[in-house]
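Beneath this line is the structure, given in structure tokens, with notes to follow.
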Amino acid sequence: MRFYHNNGKLIAGFLVLFLFTISCSVKAQLKEMNPLSKIKIEIQNTKKGVTLKAMEGCAWSVLGFNLTEGQSQNIDNFGMVGQNDPLAVNTSSHSDFLITITKTREGFRLDGIKGTSWVALTFRLAVGKKSTFDDTGVWSED
């Protein structure tokens, strides 16, 4: 009985080590599948919508579009992506990041679909004010 008891602890130890190794491997593979993009974007709340100024990681310089409360717009490193665009849904392999911007009553909600370490960011931003976000979700307001 003592032999079985000692082997049980040994087997349990190997099982824990095996599960830990598998877990680390899966996390590494997921990171490779959805790497972070180095982006930095200034967002300004305007009366009619939003103005975005690319500071890093985008092929575009400035984007401006109308958004009313509850409306959304997808953007990636090439610019605006249509809401019904299959590339947006499938997170095209050609874009480094994909973000959905939704105007809320107090400001904005950003959903990081691809290339960001954050899933969603919600923040207040008064009309005429600016803020800056990046792939890690670090914020600064003017």
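Beta carbons closer than 6 Å, at least 6 apart along the sequence or on distinct chains, pair a first residue in the stretch 98-118 that is crowded, with 20+ Cβ neighbours inside 10 Å with a second that is assigned to a strand (DSSP E or B) and of a type in the set (S, T, N, Q) for Ile101/Gln73. Scanning the stretch 119-142 for residues being in contact (Cβ under 8 Å) with a residue 12 or more places away in the chain and outside any strand (DSSP E or B) gives a total of 10.
Readers should treat all values here as calculations from the given coordinates under stated rules, not as data from a laboratory. Since the model is a prediction, treat every value here as computed from it, not as a measurement. Using ideal geometry, Cβ is built from the backbone for each residue, glycine included, and neighbour counts are taken over all protein chains shown.
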